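The values are calculated or read from the model by the stated rules, or taken from the named source; none is laboratory data. In this text, all values refer to a predicted model and were calculated from it rather than measured experimentally. All Cβ positions, glycine included, derive from the backbone under ideal geometry; neighbour counts span all protein chains shown. Surface accessibility is based on the protein's heavy atoms, side chains included, excluding ligands, DNA and RNA. Shrake-Rupley method; radii C 1.70, N 1.55, O 1.52, S 1.80 Å.
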Amino acid sequence: MTVAVEGGSDKTRRGAGQRPGPMSRIRQSYNRNWYAWAMVAPVVAVIGVLVLYPLVRGIYLSLTDANSQNVGRTIGVNEIPDSFSWVGLDNYTEILSGGDHQFWPHFTWTIVWTVVCVALHYGIGMGLALMLNRKLRGRTFYRMVLILPWAVPTFVTVFAWRLILADDGGVLNMALEWAHLPTPAWLSDPFWQKTAAIMVNTWVGVPFMMVSLLGGLQSIPPELYEAAEVDGATPWQRFRFVTLPGLRSVSSTVVLLGVIWTFNQFVVIFLLFGNNSGTNAQILVTWAYRLGFGQEPRDYAGSAAYGVIILSMLIVFASFYRRWLARNEKAV
């Protein structure tokens with residue numbers, strides 16, 4: 001009896017010293033949290049269908065020479081199988097080496113577009129947020145009016161701007177003509193196309209930045225401003241040493257989101273210029289769409305390669321940006 005007890009205790013000690021394997025931990029987690037697993041399962045399934053499968057399929061197509069002529073399809077009762085072949089990294093080599101003569105011009109314009117738009121979003125949004133954070137008559141009305149561009153569907157906003165910026169008969173050009181000023185070709189000249197795209201995207205994106213920064217401003221304790229004013233700080237010093245540090249967490253988040261959204265801003269460019277015009281104003285994401293759906297034959301492999309490159313660039317930017325913010329926070 002004593003030996004059995006000692007043997008059992010020794011086995012228990014050996015078992016206690018061993019860590020459970022991955023499958024054992026998963027089973028234990030499932031037994032304890034089966035309800036949470038059941039609730040999450042539909043979301044995981046939807047993400048897998050809508051995100052993971054297209055991503056994997058896109059990466060696979062980017063390594064082939066797939067186009068609309070060699071991809072399997074069904075015509076009536078006839079089924080045509082896939083006939084494209086594996087080409088490895090040839091698509092990426094051709095794009096990044098400038099073989100298609102399109103990537104680097106569109107990449108440069110996309111960077112300029114993103115930097116200018118995010119800077120305007122943040123600068124104008126900050127100014128409006130500071131104005132609305134003050135006590136002034138009709139503040140609620142001003143907030144509602146300034147949020148309207150964000151509340152209106154984007155396609156409605158862009159179509160309205162197309163009427164305003166039309167080369168012939170546009171409201172803006174009619175006003176400029178009445179004032180005896182030059183009337184630019186907003187929707188046909190390459191330079192003015194880019195200017196018009198930045199104007200429209202700024203109109204669309206400022207309200208979100210304004211609302212986010214206004215929420216951050218209202219979370220800063222008023223005592224900090226009172227103490228700074230007692231110490232004789234000027235308005236600029238209060239803004240620099242109280243407002244900006246108080247908005248650091250909000251600013252870092254909205255700038256990151258703004259860069260990602262603007263870099264991938266498909267709707268404004270596509271609806272403003274359509275699929276067959278504004279070649280010089282196309283950013284990477286709209287150019288990828290044109291390759292895959294706006295020409296014949298449709299270049300599925302090239303479009304997929306563009307998509308993978310865009311995703312990779314955003315992942316690299318987001319990771320470096322977060323590390324840079326973490327280092328600055330530690331330095332402060």
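What accessible area per residue, rounded to a whole number of Å², is obtained for the chain using a probe radius of 1.4 Å?
Per residue, the chain has 63 Å² of solvent-accessible surface.
Using only the Cα atoms of segment 167-298, construct the convex hull and provide its projected area averaged over every direction, in square nanometres to one decimal.
Over every viewing direction, the Cα hull of segment 167-298 projects on average to 11.6 nm².
Just want to confirm a number: the relative contact order over segment 49-157, from Cα pairs under 8 angstrom separated by 6+ residues, in percent.
Once divided by the residue count of segment 49-157, the mean separation gives 14 percent.
Report, in whole Å, the centroid distance computed from the Cα atoms of segment 31-62 and segment 81-137.
So the two Cα centres are separated by 28 Å.
Output the DSSP H helices from the chain with an along-axis C-alpha extent of no less than 27 Å and a mean Kyte-Doolittle hydropathy no less than 0.5. The partial results should precede the final answer.
Values: long enough: 103-132 (42 Å, 1.37); 190-218 (42 Å, 0.86); 300-331 (47 Å, 0.60).
TM-like helix candidates: 103-132, 190-218, 300-331.
What is the Rg over Rh value, at two decimals, for segment 37-126, using alpha-carbon atoms and the Kirkwood definition of Rh?
Taking Rh as the inverse mean 1/r over Cα pairs, Rg/Rh reads 1.16.
Roll a 1.4 angstrom probe over the protein heavy atoms and tell me the percent of accessible area of segment 112-248 that is carbon or sulfur.
68
Based on the mean of other Cβ atoms within 10 Å per residue, sort peptides 253-265, 33-45 so the most packed one is first.
My ranking of the peptides, most packed first, is 253-265, 33-45.
Give me the net charge for the shell around THR183: Cβ to Cβ below 14 angstrom, other residues only, Lys and Arg +1, Asp and Glu -1.
-4
Would you mind counting up the charge near LEU256? Only other residues with Cβ under 15 Å from its Cβ, with Lys and Arg at +1 and Asp and Glu at -1. Walk me through the numbers before you get to the answer.
Values: positive: ARG248, ARG322, ARG323; negative: GLU329.
Summing Lys/Arg as +1 and Asp/Glu as -1 gives +2.
Give, as a single signed number, the net charge of other residues whose beta carbon lies under 13 Å from the beta carbon of PHE241, with Lys and Arg counted +1 and Asp and Glu -1.
On the way: positive: ARG238, ARG240, ARG248; negative: GLU229, ASP231.
Result for the local shell: +1.
Compute, for ASP167, the solvent-accessible surface of its heavy atoms (probe 1.4 Å) with the complete set of protein chains present, and express it in square angstrom to the nearest 10.
50
Please state the relative contact order of the chain as a whole percent: Cα pairs under 8 Å, 6+ residues apart?
RCO, the chain: 24 percent.
Provide the descending list of Cα extents for segment 83-186 along its principal axes, expressed in whole angstroms.
In descending order, the Cα extents are 66, 38, 27 Å.
How large is the convex hull of the Cα atoms of the chain per residue, expressed in Å³ as a whole number? Present the calculation step by step, with values, prior to reporting the outcome.
Details: hull volume 103.6 nm³, N = 332.
That works out to 312 Å³ per residue.
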